[in-house]
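Just so it is clear, none of the values below were taken in a lab; they were calculated from the coordinates. In this text the structure is predicted, and so the values were computed from the model without any measurement. Cβ coordinates were reconstructed from backbone atoms using ideal geometry, including for glycine residues, and neighbour counts include every protein chain displayed.
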2 protein chains.
Amino acid sequence: MEQHSSKLLQNAVDAFASLPGIGRKTALRLVLYLLKQPKEDVELFGDSVIKLRNEVIYCQKCYNISDKHLCHICSTPSRDPSIVCIVENIRDIIAIENTGRFKGLYHVLGGIISPIDGIGPNDLNIESLINRVKEEKVKEVVLALSTTMEGDTTNYYIFKKINSPDIKVTTIARGIAIGDELEYADEITLGRSILNRTLYENALSK
Amino acid sequence: MEQHSSKLLQNAVDAFASLPGIGRKTALRLVLYLLKQPKEDVELFGDSVIKLRNEVIYCQKCYNISDKHLCHICSTPSRDPSIVCIVENIRDIIAIENTGRFKGLYHVLGGIISPIDGIGPNDLNIESLINRVKEEKVKEVVLALSTTMEGDTTNYYIFKKINSPDIKVTTIARGIAIGDELEYADEITLGRSILNRTLYENALSK
């Protein structure tokens with residue numbers, strides 16, 4: 001690891017290089033860029049990170065990042081509280097919100113069950129989900145976790161835990177992405193897209 | 001531009017996305033990573049950047065980033081002050097230092113002459129270079145700027161300004177990179193590598 005001429009420079013480069021996906025060359029490039037910016041901008045940069053970490057609140061209902069005790073999604077009256085979409089992290093909320101196609105609420109698990117990484121059901125927001133689903137008379141739970149073995153395990157665990165005839169448990173559709181060519185699709189996805197085929201007139205109306 | 005659920009989150013993402021080469025998705029990923037780190041680590045991160053910007057000093061002699069008035073290179077007695085290598089920025093110093101092949105001192109121009117970007121000789125540390133070269137009885141000036149039109153212009157400007165029979169002006173060797181295949185080399189580089197061919201016994205000793 002190269003040593004820089006200045007301890008201050010070294011510390012800043014070390015800080016950036018500790019971030020995921022940022023190597024030491026990129027870290028140096030970013031730090032030298034910041035060095036050329038106005039002092040106020042650099043202070044804003046540093047403060048914004050510290051402030052976020054110190055002052056951030058998680059929504060008491062869905063564990064979304066929030067400035068208040070209820071996040072902007074949970075506190076919007078026009079959203080349907082009877083449908084709850086289960087996601088792994090808040091990045092998934094952002095992705096689904098960007099589609100504009102979901103009008104229910106969310107529940108952030110904070111991860112998925114992964115024995116290899118030592119993450120069990122008690123490390124995730126699953127108990128609060130089960131309580132929430134029952135107390136708030138949720139009608140549908142939409143599972144939107146990744147299609148890995150861990151995701152499937154978590155899906156199944158939640159499905160078993162909910163175990164109520166009044167609550168419909170659904171998963172988001174898996175299939176060939178719009179614009180993708182069939183010949184390059186993997187067999188499992190293509191197979192599932194045939195099994196779960198939908199009426200053409202339904203596809204038209206979307 | 002998407003809006004995030006939290007103003008704090010939004011500010012931090014905006015701050016990261018303002019850095020060169022970091023898009024909004026990467027910014028979000030980095031911010032969510034920091035959010036999971038211990039408070040002390042995040043404070044160290046933010047402080048290291050602010051501190052660097054507020055407290056950094058540039059070496060009075062060569063304009064390298066430094067913690068003192070003379071950088072660690074200029075203040076090392078074993079280095080040869082009669083050879084000065086001209087570089088565009090401190091990243092170039094780091095690159096050359098990493099080779100371990102240069103034992104002289106440096107001079108950081110802080111850019112290169114670029115009329116399109118409105119950068120003229122007076123915006124760079126050229127006057128101080130000329131004074132330094134004359135006052136300190138420098139014997140050789142090594143030009144190590146990039147081989148662009150701007151680099152060539154800057155080289156020529158410095159060459160003309162120094163204009164002294166006592167000072168040798170050299171440039172770093174241009175040629176085929178070690179390991180590169182001739183057939184893929186560009187013609188100008190290949191042509192120059194033939195013109196500037198060196199004695200085989202000299203190449204052997206390196």
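Numbers at a glance
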item	result
Per-copy distances of the A:His72 label point, shortest first, in nm (7 angstrom along Cα→Cβ)	4.6
Viscosity 1.306 mPa s, temperature 10 °C, Stokes-Einstein D of the protein assembly as shown from Kirkwood C-alpha radius, µm²/s	60 µm²/s
Nm distances between copies for A:Met149, ranked from closest, using label points 7 Å along Cα→Cβ	5.9
Set of lysines with alpha-carbon distance to A:Lys134 below 29 Å, sequence-local pairs under 8 removed	A:Lys61, A:Lys68, A:Lys103, A:Lys160, A:Lys161, A:Lys168
Paramagnetic reach from B:Lys103 (point 7 Å along Cα→Cβ, amide N under 20 Å) across the range B:48-80	B:72-80
Under the Karplus curve 6.51 cos²θ - 1.76 cosθ + 1.60, θ = phi - 60°, whole-Hz ³J(HN,Hα) for the range A:67-77, x wherever Gly or Pro sits	9, 10, 6, 10, 6, 5, 7, 4, 9, 8, x
Cα shape, the range A:7-55, gyration tensor, a/c 1.5 rule	oblate
Residues B:Ile93, B:Ile22, sorted so that the one with the fewest Cβ neighbours within 10 Å comes first	B:Ile22, B:Ile93
Spin-label zone in the range A:106-149 - amide nitrogen under 13 Å from a point set 7 Å from the Cα of A:Ala95 along the C-beta vector	A:144-148
Convex hull volume of the range B:53-206 per residue (C-alpha atoms, cubic angstrom)	157 Å³
Contour excess over end-to-end distance, with Cα ends at B:Arg197 and B:Thr153 and 0.36 nm allotted per residue	13.4 nm
7 Å along Cα→Cβ, label-point gaps from B:Gln60 to other copies, nm, shortest first	6.1
Under Karplus coefficients 6.51, -1.76 and 1.60, residue-wise ³J(HN,Hα) of the range A:180-191 in Hz, glycine/proline x	6, 8, 4, 5, 9, 6, 6, 5, 5, 5, 5, x
Whole-Hz ³J(HN,Hα) from phi, Karplus 6.51 cos²θ - 1.76 cosθ + 1.60, for the range B:99-114, glycine and proline x	6, x, 9, 10, 10, x, 10, 10, 8, 8, 6, x, x, 9, 5, 8
For residues of A:55-64, the mean tally of beta carbons on other chains within 10 Å	2
5 angstrom amide H check on B:Lys168, placed H, neighbours 5+ away	B:Glu140, B:Val141
Of the trypsin sites (Lys or Arg not before Pro) in the range B:73-137, those whose Cβ has at most 12 other Cβ within 10 Å and which sit in DSSP loop	B:Arg101, B:Lys103, B:Lys137
Distant-in-sequence amide H partners of A:Gly104 (H built 1.01 Å from N, under 5 Å)	A:Asp80
Calculated FRET value between A:Ile178 and B:Leu182, using beta carbons and R₀ = 41 Å, to 0.05	0.30
Under 5 Å, built H, 5+ apart or other chain: amide partners of A:Cys62	A:Cys71
Inter-label distance, nm, simple model (7 Å from Cα along the C-beta direction), A:Asp41/A:Lys161	4.6 nm
Ranking of A:His107, A:His69, B:His72 by count of other Cβ atoms within 10 Å, fewest first	A:His69, B:His72, A:His107
Closest approach to the A/B rotation axis among chain A Cβ atoms, residue and whole-Å value	A:Gly46, 2
Inter-label distance for A:Asn54 and B:Glu136, nm, one decimal - labels placed 7 Å from Cα along Cα-to-Cβ	4.3 nm
